[in-house]
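Chemist: Just passing along the structure, written as structure tokens.
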Amino acid sequence: MLRVGLTGGIASGKSVVGETLVALGAHLIQADTIAHRLMLPGEAVYQAVVQHFGAGILNPDSSLNRAKLAELVFGSVHENQRSRIEELNHLVHPAVLERQLEWMNEIGRRDPHAIAIVEAALILEAGAEKQFDRLLVVTCRPEQRAERWAARAKVDEETAAREITRRMAAQFPEEKKVGAADYVIDNSGSLENTRRQVQAIYERLKREANWPH
């Protein structure tokens, strides 16, 4: 089995690349999906996050209000705000990494030739690159991030640009991610162009995973 980490900056197009890889035959899980499950009421991570940040981040039904939590930890791009983000990551990341590993191991038991992909924005920031055999990084032009975020969040591009700026303050620069990558996909062109790149890389991943001919 080949373990692949799929990462990149905010709104770079990781999900589009992930969907294409799944269509080609890869297995994929999103770290965000794992984190959302871990922060459901009753989960240990949920309890730890609420205890640390307070009941003000909850909805009336005791579920986590993700917008309030995001505002709390990403509310400023000032250096002193970074510790709030790090506090949240310290509570959530270990459990997410454990679940990722469990999932990949299960995929490997079912199919020794599988390509198991974890899509996560903070692979390098969490020190999780050692979990993977290959690292795939998605890039795009800076102005495209705002366009894509605005379309996804249904906000204007100025609001999107501010949100991206404050969230990217918690991430490594794109150059550092590209420098750590085994494969880089430039998602600044057409969807068809991105898919062609993914197809070519997937063929190489299949060979590296010793797919039967």
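Chemist: In deg cm²/dmol and to the nearest 500, what is the mean residue ellipticity at 222 nm of the chain if only DSSP H runs of at least 4 residues count, each as -39500 (n - 2.57), divided by the residue total?
Modeler: About -17000 deg cm²/dmol.
Chemist: Separate question: Quick one: of 14/68; 14/176; 130/177, which pairs are farther than 23 Å apart, Cα to Cα?
Modeler: In this structure, 14/68 lie more than 23 Å apart at Cα.
Chemist: Now for a different question. For the Cα atoms of the chain, what angle does the longest principal axis make with the long axis of helix 82-110, in degrees from 0 to 90, nearest 10?
Modeler: Long axis of 82-110 versus the principal axis of the chain: about 30 degrees.
Chemist: For region 143-180 and region 1-76, write down the distance between their C-alpha centroids in whole Å.
Modeler: If you average the Cα positions of each part, the centres end up 17 Å apart.
Chemist: Please work out whether the chain counts as rounded, prolate or oblate from its C-alpha gyration tensor, where a ≥ b ≥ c are the square roots of the eigenvalues and a/c under 1.5 means rounded, while otherwise a/b larger than b/c means prolate and anything else oblate?
Modeler: The shape class here is oblate.
Chemist: When the Karplus curve 6.51 cos²θ - 1.76 cosθ + 1.60 is applied with θ = phi - 60°, which whole-Hz ³J(HN,Hα) does each residue of region 141-155 get, with x for Gly and Pro?
Modeler: Each residue of region 141-155 in turn: 6, x, 5, 6, 4, 5, 4, 5, 5, 4, 5, 6, 8, 6, 10 Hz.
Chemist: Around residue 124, what is the net charge, scoring Lys/Arg as +1 and Asp/Glu as -1 over all other residues with Cβ under 10 Å from its Cβ?
Modeler: 0
Chemist: How long is the gain from residue 15 to residue 65 if the chain were fully straight, where each residue apart is worth 0.36 nm and the alpha carbon distance is subtracted?
Modeler: Using 0.36 nm per residue and subtracting the Cα-Cα distance, I get 15.7 nm.
Chemist: Taking amide H atoms as placed 1.01 Å from N in the peptide plane, list the residues 5 or more away in sequence, or in a different chain, whose amide H sits under 5 Å from that of residue 140.
Modeler: For residue 140, the qualifying residues are 187.
Chemist: By how many degrees, 0 to 90 and rounded to 10, does the Cα axis of helix 44-53 deviate from the longest principal axis of the chain?
Modeler: 40
FYI, it's all coordinate maths here, none of it is from the lab. Computed from a prediction, not measured in an experiment: that's the story for all the values here. Note: ideal-geometry Cβ built from the backbone for every residue, glycine included; neighbour counts use all protein chains shown.
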